[in-house]
Amino acid sequence: MVVGASARAAIGGCRRLITSRLVPTQASLSVSFQCRQMSMDSRSISEKLRNSGLLRTQGLIAGKWVDAYDKKTIKVNNPATGDIVADVACMGGKETNDAIASAYEAFTSWSKVTAAERSKILRRWYELLIAHKEELGQLITLEQGKPLKEAIGEIAYGASFIEYFSEEAKRVYGDIIPATLSDRRLLVLKQPVGVVGAITPWNFPLAMITRKVGPALASGCTVVVKPSELTPLTALAAAELALQAGVPPGAVNVVMGNAPEIGDALLSSPQVRKITFTGSTAVGKKLMAGAAPTVKRVSLELGGNAPSIVFDDADLDVAVKGTLAAKFRNSGQTCVCANRVLVQDGIYDKFAEAFAEAVQKLEVGDGFKEGVTQGPLINEAAVQKVETFVQDAVSKGAKVLLGGKRHSLGMTFYEPTVIGDVKSDMLMSKEEIFGPVAPLIRFKTEEDAIRIANDTNAGLAAYIFTNNVQRTWRVSEALEYGLVGVNEGIISTEVAPFGGVKQSGLGREGSKYGMDEYLEIKYVCLGDMNRK
Ligand code: NAP
């Protein structure tokens, strides 16, 4: 029922990205010695993690760690070095069906646990995540590549959703509605949706899971989580800590491997009442269609094409700092990354110069190396996509102001890049770059900026830099986006609603609104209430 499984089927269901990641490029061959040095470091780190019990490689079903039923495994590798970090169970439909059955059974009891008790268990999970933030951060750097400091930051951010929803668990209030007839009493109850299938991407291996599992468990739902096969280790470690915190067997299950097969099993099961997905718009659309036959609730956090709009009246330093943060976090691999930097005529030259100067200071390298701010891209395909976008822009008249090629470190490292004179017809204006490339687009008027910014099917995050309060309101209201940052490039927080409009998604995560996604509303009408 789901989607393009053909490529995976040909290789037994699980992608083998290790092969493409390890294809040596000219540049990578020239630095092979340096890579070997780093890989020794990452080996000793993974050894330490194995000893700590946080390097799990089996799936979690009904509270038990299990291999894939056919014993298949996927190789998880470190994108900075190509090292194989672990062989992880490559699961499919059968394991997913068992995970669903265990979640369904656990729902009966978990949904009846008092909110206060669920809250305590979630709080313990939060505390364990924080207590292990260094090791979990190391796991993220190992399998995803982001710099260790940023990875530890993700643990704090990811854990904050568990803390927040541990508190919200106690605040799921219903309503009493004034009755229209004197012998009636009208009530509204909020009840957990049921079993939730949660499918998450590789770019935030913890936070994209906790944003879903936190509110799901808080509201009394149980979950089958499917992390990306590129970054399953963080998810498995987090699940281990959930068990230690007292989350009962079956309330959280983790399966990974053959994504289309797992997706199919989740979609076709009538026991799964909700699908929550973070990932690409293409896969999101397929899941939405696949959820139709069983009419499941669907939440989608999909791709973006964020504009960062710098007006003539902006503070130059604030605009440079904010756009730099919005663009280059996680080497440009976030859904809220500034994908297009729109700069007004009067400040364009000054901004371009100051921005390129700031970008030049970014340090590229293995995320475990002190001072590194830019890790590798996730795989070879990601680098090739960036190369294609840069070639396309240059062939249509854009100018490389900085970078514009693979980094001399080789592997999947790409130079932080600034491209000037980018136009709307270039690929990088139309699609997510998902890499460390900042395209500068010149505009004349506020109306032009709004028109260019909204000229996309995506509508997740947008940023504006201005010191004019009236413009702040006008532009914030006119932007067709779910999130707007004003004079700030990093705006996500567990207390505010996160989500997109147009083809960037449905529903919100985080905040009090994030809880509603896991709750059904039930109207209860009490009749014959005047009888004595
Ligand atoms: P992706 O290819 O769509 O994968 C996301 C998840 O879906 C992974 O777990 C993947 O599994 C799984 N998947 C792929 N095909 C599937 C299928 N047929 N059925 C069921 N599951 C399937 O996206 P990605 O490359 O990992 O992540 C990058 C994208 O996510 C970007 O577009 C980014 O903007 C978006 N994103 C959005 C947000 C947001 O909040 N809006 C946040 C972060 C990222 P495997 O990896 O195991 O194949």
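Tell me, which residue of region 58-89 that is acidic (Asp, Glu) and more than 25 Å from the chain's Cα centre (by Cα) is farthest from residue 147 (Cα to Cα)?
Residue satisfying both the conditions and the ranking: 70.
Residue 512 is checked against (1) assigned to a loop (DSSP other than H, G, I, E, B); (2) more than 21 Å from residue 339 (Cβ to Cβ); (3) not polar (S, T, N, Q) and fails just one. What number does that condition carry?
Residue 512 satisfies all of (1) assigned to a loop (DSSP other than H, G, I, E, B); (2) more than 21 Å from residue 339 (Cβ to Cβ); (3) not polar (S, T, N, Q) except (1).
Among strands (runs of 3 or more DSSP E) lying entirely in region 252-309, which contain 2 or more residues that are of a type in the set (Ser, Thr, Tyr) and within 15 Å of the chain's Cα centre (by Cα)?
Answer list for region 252-309: 272-278.
Please find, within region 488-498, the residue that is nearest to residue 319 (Cα to Cα) out of those that are in contact with a Ser or Thr (Cβ under 7 Å, 6 or more places away or on another chain) and part of a loop (DSSP other than H, G, I, E, B).
Ranking the qualifying residues of region 488-498, first place goes to 489.
Determine whether residue 249 is more than 10 Å from the ligand (Cβ to nearest atom) and not in a strand (DSSP E or B).
yes
For every residue, the table says whether it meets (1) within 12 Å of the ligand (Cβ to nearest atom); (2) small (Gly, Ala, Ser); (3) under 22 Å from residue 93 (Cα atoms).
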{"position": "189", "(1), (2), (3)": "no, no, no"}
{"position": "193", "(1), (2), (3)": "no, no, no"}
{"position": "196", "(1), (2), (3)": "no, no, yes"}
{"position": "220", "(1), (2), (3)": "no, yes, no"}
{"position": "228", "(1), (2), (3)": "yes, yes, yes"}
{"position": "233", "(1), (2), (3)": "no, no, yes"}
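I'm trying to understand the selection: among the residues of region 262-272, which are more than 7 Å from the ligand (Cβ to nearest atom) and of a type in the set (A, V, I, L, M, F, W, C)?
Once the filter is applied, which keeps residues that are more than 7 Å from the ligand (Cβ to nearest atom) and of a type in the set (A, V, I, L, M, F, W, C), region 262-272 yields 265, 266, 267, 272.
Under 7 Å by Cβ, and 6 or more places apart or on different chains, what pairs join a residue from region 323-352 that is within 16 Å of the ligand (Cβ to nearest atom) with one that is assigned to a strand (DSSP E or B) and among the hydroxyl-bearing types (Ser, Thr, Tyr)?
Hits for this filter: 326/308; 326/463; 338/308; 338/463.
Residue check: is residue 263 of a type in the set (Gly, Ala, Ser) and more than 25 Å from residue 189 (Cβ to Cβ)?
For residue 263, the condition - of a type in the set (Gly, Ala, Ser) and more than 25 Å from residue 189 (Cβ to Cβ) - is met.
Within region 320-362, which residues are within 22 Å of residue 454 (Cα to Cα) and part of a loop (DSSP other than H, G, I, E, B)?
Passing the criteria: 333, 334, 335, 336, 337.
Enumerate the helices (runs of 4 or more DSSP H) found wholly within region 421-487, keeping only those where 1 or more residues are more than 14 Å from residue 319 (Cβ to Cβ), of a type in the set (Asp, Glu) and without any contact (Cβ under 8 Å) to a residue 60 or more places away in the chain.
In region 421-487, the matching helices (runs of 4 or more DSSP H) lie at 446-454, 469-478.
Hey, does region 173-182 have a residue that's of a type in the set (A, V, I, L, M) and surrounded by 19 or more Cβ atoms within 10 Å (Cβ to Cβ)?
No: zero hits.
Taking the condition of being among the aliphatic types (A, V, I, L, M), away from the ligand (no atom under 16 Å from the Cβ) and touching a helix residue (DSSP H, G or I) at 6+ places or on another chain (Cβ under 7 Å), how many residues in region 295-322 meet it?
6
A quick yes/no check of all residues on (1) surrounded by 20 or more Cβ atoms within 10 Å (Cβ to Cβ); (2) within 16 Å of the ligand (Cβ to nearest atom); (3) β-branched (Val, Ile, Thr):
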position: 394; (1), (2), (3): no, no, yes
position: 397; (1), (2), (3): no, no, no
position: 418; (1), (2), (3): yes, no, yes
position: 439; (1), (2), (3): yes, no, no
position: 499; (1), (2), (3): yes, yes, no
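Do we have residue 234 as within 14 Å of the chain's Cα centre (by Cα) and in a strand (DSSP E or B) here?
no
Scan region 465-480 and give yes if some residue there is modelled with pLDDT of 95 or more, within 15 Å of the ligand (Cβ to nearest atom) and within 28 Å of residue 404 (Cα to Cα), otherwise no.
No: zero hits.
Residues in region 384-403 that are assigned to a loop (DSSP other than H, G, I, E, B) and closer than 19 Å to residue 353 by Cβ: how many?
Of the residues in region 384-403, 2 are assigned to a loop (DSSP other than H, G, I, E, B) and closer than 19 Å to residue 353 by Cβ.
Kindly indicate whether any position in region 122-129 is closer than 21 Å to residue 217 by Cα, among the basic types (Lys, Arg) and part of a helix (DSSP H, G or I).
Yes - at least one qualifying residue is present in region 122-129.
I'd like to verify a number: residues in region 136-171 that are basic (Lys, Arg) and buried (at least 24 other Cβ atoms within 10 Å of the Cβ), how many?
Selection size over region 136-171: 1.
Residues being in a loop (DSSP other than H, G, I, E, B) and over 28 Å from residue 329 (Cβ atoms): count how many of those fall in region 188-231.
Of the residues in that region, 4 qualify.
Hey, does region 464-478 have a residue that's closer than 21 Å to residue 283 by Cβ and crowded, with 18+ Cβ neighbours inside 10 Å?
no
So, in region 470-501, exactly how many residues are among the aromatic types (Phe, Trp, Tyr) and more than 18 Å from the chain's Cα centre (by Cα)?
1
Among what's in region 363-383 and is of a type in the set (Val, Ile, Thr) and not in a loop (DSSP other than H, G, I, E, B), pick the residue that is farthest from residue 82 (Cα to Cα).
The extreme case among them is 364.
Against the definition (within 21 Å of residue 62 (Cβ to Cβ) and assigned to a helix (DSSP H, G or I)), how does residue 156 come out, yes or no?
When the stated conditions are applied, residue 156 does not pass them.
Output the residues belonging to region 172-187 that are outside any loop (DSSP other than H, G, I, E, B), touching a residue at least 12 places away in the same chain (Cβ under 8 Å) and not acidic (Asp, Glu).
176, 185, 186, 187 - these are the residues of region 172-187 that are outside any loop (DSSP other than H, G, I, E, B), touching a residue at least 12 places away in the same chain (Cβ under 8 Å) and not acidic (Asp, Glu).
Select the helices (runs of 4 or more DSSP H) contained entirely in region 1-116, then report the ones holding at least 3 residues which are crowded, with 22+ Cβ neighbours inside 10 Å and at pLDDT 95 or above.
Answer list for region 1-116: 93-110.
Could you go through region 273-292 and let me know if any residue there is surrounded by 19 or more Cβ atoms within 10 Å (Cβ to Cβ) and away from the ligand (no atom under 12 Å from the Cβ).
Yes - at least one qualifying residue is present in region 273-292.
The values are calculated or read from the model by the stated rules, or taken from the named source; none is laboratory data. All values reported here derive from a predicted model rather than from experimental measurement. Glycine also receives a Cβ, built like all others from the backbone with ideal geometry; neighbour counts cover every protein chain displayed.
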